[in-house]
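**Q** Please read through the structure below; I'll follow up with questions.
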Ligand code: MRU
């Protein structure tokens, strides 16, 4: 997608180098700064500190981290070290494991001298596939939005869409998952408006989704996280759509904390609630998401403090609670499949149930779902 009219990706190959540069997402929306990654440790650190974040982008960055390790030392000892270091960065987004398993498998089958070239090519392939995948998710979501917009009574205003966190191009290699259908619907001329929920505590909605929708001129309004129920109750929401960090074999979906409450509000008001995801976000090894998806526990400081731009134009962080208030900070929650209207994947839209995912597994040629 474009930044001030110029096409960019949040992870790009540095021309003429075997390195990548990433947009430092901790600095958006107030500063657009690129950061070059050239080592395993730098890639791991960028994921851990959330300079890059979002399930698909975490996977893509890890793939390059793995390449950096193999380029310096192609031994099996180093491959195992790279795998373990990168796997330990963030626990919930299963795309990390998916990308690392893929790198591990492909590189292991190459000779020692070929390994670096194979790893570089595979990391690039993961990125290019992500772009195609997300475009396909967008196309399937576009058809849903097109039908919904056509069914709105004349004069009833734009298609009103709620999204949470950032599942746009900043969270992927391009397009996004949940935001891809929004971009494609907007580009197709569908009259739409997006309610962007701010996503406390780190504010991915406020700082990232609002920024990227603004860059594409998509009409949107920022709301606090608690507003979705109120908007739904007042008839101001037609559809909700979010991304996912891990979806189980029966369709339970882990996504940014606050997603579950939105799904409950959608159910109460009979509003369709969609989860958009690439197949690489499905964890086929587990069914019960509430029991088995690991939820990242983050520092309470993210809850007790808020950061932003001060009047002097410099980034500031302020304490918003009594100094000794304890805070709990679960990074994600799990929405049971029963609350999800459909899973929008690159292969089409599937019911968020064991049957729906089994249908997808058969289509993918998986022997066992
Ligand atoms: O903690 P983050 O910012 O990595 O969380 C990101 C999300 O929860 C996204 O909604 C999810 O990864 C889907 S990204 C296409």
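**Q** Of the residues that make up the range 24-39, is at least one away from the ligand (no atom under 16 Å from the Cβ) and touching a helix residue (DSSP H, G or I) at 6+ places or on another chain (Cβ under 6 Å)?
**A** For the range 24-39, residues away from the ligand (no atom under 16 Å from the Cβ) and touching a helix residue (DSSP H, G or I) at 6+ places or on another chain (Cβ under 6 Å): present.
**Q** Also, I was wondering about something else. For the range 133-169: of the residues being more than 16 Å from the chain's Cα centre (by Cα), surrounded by 18 or more Cβ atoms within 10 Å (Cβ to Cβ) and more than 13 Å from residue 346 (Cα to Cα), which is farthest from the ligand (Cβ to nearest atom)?
**A** So, considering only residues that are more than 16 Å from the chain's Cα centre (by Cα), surrounded by 18 or more Cβ atoms within 10 Å (Cβ to Cβ) and more than 13 Å from residue 346 (Cα to Cα), the one farthest from the ligand (Cβ to nearest atom) is 149.
**Q** Which is within 16 Å of the ligand (Cβ to nearest atom) and out of contact with any strand residue (DSSP E or B) (no Cβ under 9 Å at 6 or more places or on another chain), of 71, 115, 90?
**A** 90
Condition check ((1) farther than 16 Å from residue 161 by Cα; (2) surrounded by fewer than 24 Cβ atoms within 10 Å (Cβ to Cβ); (3) within 14 Å of the ligand (Cβ to nearest atom)) across all residues:
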site	(1), (2), (3)
238	no, yes, no
246	yes, no, yes
250	yes, yes, no
271	no, yes, no
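**Q** Also, quick follow-up: Mind listing whichever residues of the range 177-209 are assigned to a helix (DSSP H, G or I) and away from the ligand (no atom under 16 Å from the Cβ)?
**A** Those that are assigned to a helix (DSSP H, G or I) and away from the ligand (no atom under 16 Å from the Cβ): 185, 186, 187.
**Q** Still on this structure, please answer the following. If the requirement is being free of Cβ contacts under 8 Å to residues at least 60 places away in the same chain, within 16 Å of the ligand (Cβ to nearest atom) and surrounded by 13 or more Cβ atoms within 10 Å (Cβ to Cβ), which of these qualifies: 331, 289?
**A** The conditions single out 289.
**Q** Moving on. Among the numbered criteria (1) surrounded by fewer than 22 Cβ atoms within 10 Å (Cβ to Cβ); (2) in contact with a helix residue (DSSP H, G or I) (Cβ under 7 Å, 6 or more places away or on another chain); (3) within 22 Å of residue 166 (Cα to Cα), which one does residue 104 miss?
**A** (3)
**Q** Which one is farthest from the ligand (Cβ to nearest atom) among residues in the range 302-315 that are touching a residue at least 24 places away in the same chain (Cβ under 8 Å) and part of a helix (DSSP H, G or I)?
**A** 303
**Q** Looking only at residues in the range 277-293 that are part of a helix (DSSP H, G or I) and within 17 Å of residue 364 (Cβ to Cβ), which one is nearest to the chain's Cα centre (by Cα)?
**A** That would be 281.
None of the figures in this text is laboratory data; all of them are computed from the coordinates on show. Remember, predicted model here, so these are calculated numbers, not experimental data. Cβ coordinates were reconstructed from backbone atoms using ideal geometry, including for glycine residues, and neighbour counts include every protein chain displayed.
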